[in-house]
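Chemist: Take a look at the following structure, please.
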Amino acid sequence: MTVLEVIQRSAEFLTRKEVETPRLQVELLLAHLLRLPRMGLYLNFERQLTAPELDQLREWVRRRGEREPLQHIIGSTSFCGLEMAVSREVLVPRPETELLAELGWKFLLQQAGVTPMALDFGTGSGCLAILLAAKCPAASVEAVDISPEALAIAQGNADRHGVAGRVRFRESDGFAALEREARFDLIISNPPYIPSEEIATLDPEVRDHDPRRALDGGADGLEFYRRLAGEAAAFLRPGGRLMCEFGDGQAPAVAELLRTQMWIVETVLSDYSGCERILVAYRGPENGATAAP
Ligand code: GLN
């Protein structure tokens, strides 16, 4: 069978399985198999696949048809242009989180003088911590997660991108395991934010394959923002920022939670599809004045 034939047949199969962007999915699997850039497939439409290649592709397409995420089949995803290993133990990094990473490293690059310090709260695959360290060579990053299995993946990703010397991964339930005197210029987080009952309604790729504890934000989805609002300020340097991602429609509730804990919401940014997704806040003085630090 040729490359073109296999793309067409597999795309039809994935269409029947209600997989979104079926042709793209097949092309990405095939490009990975043949170690070609995706566009390279178009120059090789007439190439015959060998029997082992065909067997491997069929197995992958079958799994994709069962709604296993492409990134789990391939074993990695790209985040801000860096390849991150992923598995069932970590949330697959999403494109909208790239915006958060960029906002974070740009802020760290502006910090003059002392070593910029950042904390990635709930690091998962390590994607945010690693990008901060990679883009800001002066920075030192702490990354916490409750899952030792996730931290093992994250550590591997940091090793692979040469930033392991400046990212310290630590098993911690929120801020619990941090030294009390630790202070950061930036606390960044893409916490679990799906209300518990909504998890059942998500796409199977997410519902059945992302770790539940990377998704579940408690009854109203806001549990981790409550923790951040209440506990993050004690770990921020003066002038430091809290930057976090949140779920659809959560902007007003997250902003309100922060304001009741003396935070000043500086910016709310939308993602590529126009949904409000990211918030930047800093801690106001206790008397409620609103002057910037
Ligand atoms: N920080 C990781 C990410 O942004 C993991 C987030 C999570 O598990 N909720 O992808």
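Chemist: One residue is enough: does the stretch 279-286 have a residue meeting the conditions hydroxyl-bearing (Ser, Thr, Tyr), surrounded by 14 or more Cβ atoms within 10 Å (Cβ to Cβ) and more than 14 Å from the ligand (Cβ to nearest atom)?
Modeler: If we filter the stretch 279-286 for residues that are hydroxyl-bearing (Ser, Thr, Tyr), which is where we start, we get 282.
Next cut, surrounded by 14 or more Cβ atoms within 10 Å (Cβ to Cβ) only: 282.
If we keep only those that are more than 14 Å from the ligand (Cβ to nearest atom) too, we end up with 282.
Yes - at least one qualifying residue is present in the stretch 279-286.
Chemist: Check the stretch 250-260 and report whether any residue there is touching a residue at least 60 places away in the same chain (Cβ under 8 Å) and charged (D, E, K, R). Even if it seems obvious, please write down each step before you answer.
Modeler: Taking the stretch 250-260 as the starting set, the residues that turn out to be touching a residue at least 60 places away in the same chain (Cβ under 8 Å) are none.
No, because not a single residue in the stretch 250-260 is touching a residue at least 60 places away in the same chain (Cβ under 8 Å) and charged (D, E, K, R).
Chemist: Taking the stretch 215-242 as the search range and keeping residues that are more than 11 Å from Arg283 (Cβ to Cβ), free of Cβ contacts under 8 Å to residues at least 40 places away in the same chain and in contact with a Leu (Cβ under 8 Å, 6 or more places away or on another chain), which one is farthest from the ligand (Cβ to nearest atom)?
Modeler: Looking at the filtered set, the residue picked out is Arg226.
Chemist: Confirm whether Thr123 is within 12 Å of the chain's Cα centre (by Cα) and hydroxyl-bearing (Ser, Thr, Tyr).
Modeler: Details: within 12 Å of the chain's Cα centre (by Cα): yes; hydroxyl-bearing (Ser, Thr, Tyr): yes.
Spelling it out, Thr123 is indeed within 12 Å of the chain's Cα centre (by Cα) and hydroxyl-bearing (Ser, Thr, Tyr).
Chemist: Quick check, is Gly247 within 16 Å of the ligand (Cβ to nearest atom) and more than 15 Å from Thr97 (Cβ to Cβ)?
Modeler: Working: within 16 Å of the ligand (Cβ to nearest atom): yes; more than 15 Å from Thr97 (Cβ to Cβ): no.
Judged against the criteria, Gly247 is not a match.
Chemist: Being of a type in the set (S, T, N, Q) and at pLDDT below 95 is true for just one of Thr115, Thr97, Thr123, Thr77. Which residue is that?
Modeler: Thr115 is the lone residue from the list that is of a type in the set (S, T, N, Q) and at pLDDT below 95.
Chemist: Taking into account only those residues within the stretch 74-119 that are of a type in the set (Lys, Arg) and within 13 Å of the ligand (Cβ to nearest atom), which is nearest to Gly247 (Cα to Cα)?
Modeler: Arg94
Chemist: Now for a separate question. Please determine, by comparing only the residues of the stretch 42-73 that are outside any loop (DSSP other than H, G, I, E, B) and polar (S, T, N, Q), which one is farthest from the ligand (Cβ to nearest atom). First the steps, then the outcome.
Modeler: Going through the stretch 42-73, the residues outside any loop (DSSP other than H, G, I, E, B) turn out to be 42, 48, 51-65, 70-73.
Checking which are polar (S, T, N, Q) leaves us with 48, 56, 71.
Working: Gln48: 39, Gln56: 28, Gln71: 11 Å.
Here the answer is Gln48.
Chemist: Taking the conditions exactly as written (surrounded by fewer than 23 Cβ atoms within 10 Å (Cβ to Cβ) and over 30 Å from Ser270 (Cβ atoms)), does Leu91 satisfy them or not? If you could, list the steps in order and put the result at the bottom.
Modeler: Details: surrounded by fewer than 23 Cβ atoms within 10 Å (Cβ to Cβ): yes; over 30 Å from Ser270 (Cβ atoms): no.
For Leu91, the condition - surrounded by fewer than 23 Cβ atoms within 10 Å (Cβ to Cβ) and over 30 Å from Ser270 (Cβ atoms) - is not met.
Chemist: Suppose the filter is of a type in the set (S, T, N, Q) and away from the ligand (no atom under 15 Å from the Cβ); does Ser140 pass it? Lay out the reasoning, then the answer.
Modeler: Details: of a type in the set (S, T, N, Q): yes; away from the ligand (no atom under 15 Å from the Cβ): yes.
In short, yes.
The values are calculated or read from the model by the stated rules, or taken from the named source; none is laboratory data. These numbers were taken from a predicted model, which means no experiment stands behind them. Neighbour counts are summed over all protein chains in view; Cβ atoms, including those assigned to glycine, are modelled from backbone coordinates with ideal geometry.
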